[in-house]
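The values are calculated or read from the model by the stated rules, or taken from the named source; none is laboratory data. Because the structure is predicted, anything quoted here is derived from the model rather than measured. Virtual Cβ from ideal backbone geometry, glycine too; neighbours counted across all protein chains shown. Quick note on the areas: whole protein, heavy atoms, side chains included, nothing else; ligands and nucleic acids left out. Shrake-Rupley method; radii C 1.70, N 1.55, O 1.52, S 1.80 Å.
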Amino acid sequence: MTAAGGDEAELARLVRAHDRWRTRSVFNLLPSENAVSPTARRYLGSDLAGRYTLPLDTVWRGERIDNSYTGTRYADAIERLANDAAARLFHARHATVRPLSGHIAALSALVPLLPPQSRLLAIEPGEGGYDGYAAGFLPAMLGYSVRPLPARGVGHSVLEEDAVAAIQQERPNAVVLGQSFFLFPYPLRPIVEAAHAIDALVFYDASHVLGLVAGGEFQDPLGDGVDVVYGSTHKSFPGPQGGILLTQRDDLFGQLDPALVWRVFDNAHWNRIAGVGQTLLELERFAPEYARTTVANAQALARALRAKGWPIVAEERGYTRSHQIHLDPETLRRTMGIGTGTLARRLERQRLLIDLVGRIGTAEIARLGLRPEEMERLADLLERGRVGKPLVTREVAAWRAEHRSLRFL
Ligand SMILES: Cc1ncc(COP(=O)(O)O)c(C=O)c1O
């Protein structure tokens, strides 16, 4: 066999092994990921994977053009269907699923609406904010300055008085809400009011909570007057990796939509758009129950782990209103003698995946069909995994085998 032939066989083996490992052997409690439906996965592997279409109504040399490719009649219809489904699900006047990921969705929203020198207010990574908004990343690339929007409440939550005071003091051009460590909804109406009073835009990065928002849980940022909502389509929103952009404002969408192509990206991956479209249609069937189950699972798991002595933050606020629960790393080290990274690696060997920075998520297990009354059993496995008891791996494997297919499908 040639080297290339050997590598092809090895690649096939690795992909098969990955699929078996992640879809059959482990429970995924990473809050950034989810299970994609078989239909959406099939669309990812369809012929669309290698095709172009110049997105609808692209502006080229100052004029709206239809398309410069042929063979696109189905691809264009697929995109239209996905965008319409997104607009319906989120009660948005305008929606596009063209952005390639949550980070690219942030770029897609910021670049057209905020020129260089703009001043942002965003939550710092040390307070649960997304690293991309830290000064050295998106702001450095786009020529923005960024000041902290305080998240000093329990579990890095934003308090109304802090946010309004920061807006009035810093007078930013835009307030960027949303966190990677995201437990509690924001007091949106007073934030929006304070921002609009100084002509600042309000962006809401819903990357983590998009699937909950779809189901009417957590909060309704568009309904509360946020100017642009955007985020990933693969965290609590259970779709393929991708991004979405939503707004009620005709004037903003008029600036955003034509600016996506050639400023932030060129082609938008229509196989992914078909997969995201499928997920949007699935959510139209079950989003409220899925979102409710996800949050109820998070609250029940937090309670069960806390009862076993795990230092879960925000007990006084009921732990969480999202799909995430958080470990307090210092208390974990002090009381259990282990860091969050070592704990995650130890549990990984027991086929239980949490992240290395102390977050545990319940979106994927809800999609698989686990219910709040089963969180005691899961907490028991996590606790026995933590202390390295035998048989945990075998029990996880047996339980996982009962959940080969998705309940929310
Ligand atoms: C709040 C937030 N925004 C954006 C992103 C980037 O998302 P993506 O990986 O889809 O580009 C993340 C990633 O975890 C995030 O937590």
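Can you say whether Ala363 is crowded, with 16+ Cβ neighbours inside 10 Å and either of a type in the set (A, V, I, L, M, F, W, C) or over 22 Å from Gly126 (Cα atoms) (or both), as far as the supplied structure shows? Don't jump to the end; show me each part of the working.
Details: crowded, with 16+ Cβ neighbours inside 10 Å: yes; either of a type in the set (A, V, I, L, M, F, W, C) or over 22 Å from Gly126 (Cα atoms) (or both): yes.
For Ala363, the condition - crowded, with 16+ Cβ neighbours inside 10 Å and either of a type in the set (A, V, I, L, M, F, W, C) or over 22 Å from Gly126 (Cα atoms) (or both) - is met.
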Completion exercise
Exactly one of Ala105, Ala92, Ala109, Ala122 is more than 13 Å from the ligand (Cβ to nearest atom) and either modelled with pLDDT of 95 or more or surrounded by fewer than 24 Cβ atoms within 10 Å (Cβ to Cβ) (or both), and that residue is Ala92
Problem - Where Gln350 falls short, out of the listed (1) under 27 Å from Ser157 (Cα atoms); (2) polar (S, T, N, Q); (3) in contact (Cβ under 8 Å) with a residue 40 or more places away in the chain - result: (1)
Exercise for the section: Could you tell me whether the stretch 46-58 includes any residue that is open to solvent by 50 Å² or more (accessible area, probe 1.4 Å), away from the ligand (no atom under 16 Å from the Cβ) and at pLDDT below 95? Expected result: yes
Exercise for the section: State all residues of the stretch 201-245 that are more than 14 Å from the ligand (Cβ to nearest atom), among the aliphatic types (A, V, I, L, M) and in contact with a helix residue (DSSP H, G or I) (Cβ under 7 Å, 6 or more places away or on another chain); if no residue qualifies, say none. Expected result: Leu201, Val202, Ala214, Val226
Practice task
Count, please, the residues in the stretch 20-43 that happen to be open to solvent by less than 60 Å² (accessible area, probe 1.4 Å) and part of a helix (DSSP H, G or I).
Solution key: 5
Handout entry: The lone exception for Arg249 - which of (1) within 19 Å of Leu409 (Cβ to Cβ); (2) open to solvent by 10 Å² or more (accessible area, probe 1.4 Å) it fails
Key = (1)
Problem - Selection count, the stretch 170-211, where residues are more than 25 Å from the chain's Cα centre (by Cα), closer than 20 Å to Gly126 by Cα and in a loop (DSSP other than H, G, I, E, B) - result: 0
Completion exercise
Sole miss for Ile338 among (1) of a type outside the set (Asp, Glu); (2) in contact (Cβ under 8 Å) with a residue 24 or more places away in the chain; (3) in a helix (DSSP H, G or I) is condition (3)
Practice task
May I ask you to say which residue of Phe182, Phe218 is open to solvent by less than 10 Å² (accessible area, probe 1.4 Å), touching a residue at least 24 places away in the same chain (Cβ under 8 Å) and of a type in the set (A, V, I, L, M, F, W, C)?
Solution key: Phe182
Practice task
For residues that are open to solvent by less than 30 Å² (accessible area, probe 1.4 Å) and of a type in the set (A, V, I, L, M, F, W, C), scanning just the stretch 286-303, find the one that is farthest from Leu406 (Cα to Cα).
Solution key: Ala302
Fill in the blank from the handout: Result of the Cβ filter at 6 Å on the stretch 72-96, keeping first residues that are under 10 Å from Ile273 (Cα atoms) and partners that are of a type in the set (Gly, Ala, Ser), at least 6 apart or interchain, is Ile78/Ala274; Leu81/Gly277; Ala82/Gly277; Asn83/Ala95
Problem - Candidate set from the stretch 304-325 (those that are in contact (Cβ under 8 Å) with a residue 60 or more places away in the chain and charged (D, E, K, R)); member that is least open to solvent (accessible area, probe 1.4 Å) - result: Lys308
